[in-house]
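Below is one structure; the comments refer to it alone.
The values are calculated or read from the model by the stated rules, or taken from the named source; none is laboratory data. Just so we're clear, the structure is a prediction, and the values are computed from it rather than from any experiment. Here the Cβ positions follow ideal geometry from the backbone for every residue, glycine too, while neighbour counts run over all protein chains shown. These accessible areas exclude ligands, DNA and RNA; they are computed on the full protein's heavy atoms, side chains included. Shrake-Rupley method; radii C 1.70, N 1.55, O 1.52, S 1.80 Å.
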Amino acid sequence: MKKLLFLSLLLSAVFCLSSCGSDSDDNEAVAYIENPVLGKVAVDISSTETTPEWLSTMIKIMDADKDMYGTHSIFKGEWQDQTIYFVYSPLASCVFCEVYYADGKHIDWNAEDAASFNKATKNWRCIYKGQNELVWK
């Protein structure tokens, strides 16, 4: 089990190091992350936007337990004209396990169309990145 976890973490690190970098747009460097689910996403860690209280609490929990959550990322996007948050774990057994509306309500995939979700979402930004993973330079 430890070997499998180590191998997964090693492969994630190699993937991230080989696929992440910065773009230039009008001579301005933009950091991005290449997420295997969402594709190329702008990094907006230092955003001045207000983070919902429930999400701030989640981030504090993740920061406090880097062994458990160190490879997690949180992405903010739009779906059906609503702000949504996607908590991504490279070791999760499902793709969109943790997707929430801005008010913190978990999206119920039994009631929603998960098949078209990824195509219908837009404006993804990485707003949190676990500290155990080297992702961008």
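Among the numbered conditions (1) at pLDDT 85 or above; (2) under 13 Å from the mean Cα position of the chain (by Cα), the only one that residue 80 does not meet is (2).
Restricting 99, 87 to those that are under 15 Å from residue 35 (Cα atoms), touching a helix residue (DSSP H, G or I) at 6+ places or on another chain (Cβ under 9 Å), surrounded by 11 or more Cβ atoms within 10 Å (Cβ to Cβ) and touching a residue at least 12 places away in the same chain (Cβ under 8 Å) reduces the list to 87. Taking the range 53-90, which residues are farther than 25 Å from residue 117 by Cβ and assigned to a loop (DSSP other than H, G, I, E, B)? Selection gives 65, 70.
I'd like to know if the range 49-61 contains one or more residues that are open to solvent by 80 Å² or more (accessible area, probe 1.4 Å), among the basic types (Lys, Arg) and under 16 Å from residue 128 (Cβ atoms). Checked the range 49-61: at least one residue is open to solvent by 80 Å² or more (accessible area, probe 1.4 Å), among the basic types (Lys, Arg) and under 16 Å from residue 128 (Cβ atoms). Applying the criterion of being at pLDDT below 75 and of a type in the set (D, E, K, R) to the residues of the range 102-137, the residue that is farthest from residue 39 (Cα to Cα) is 112.
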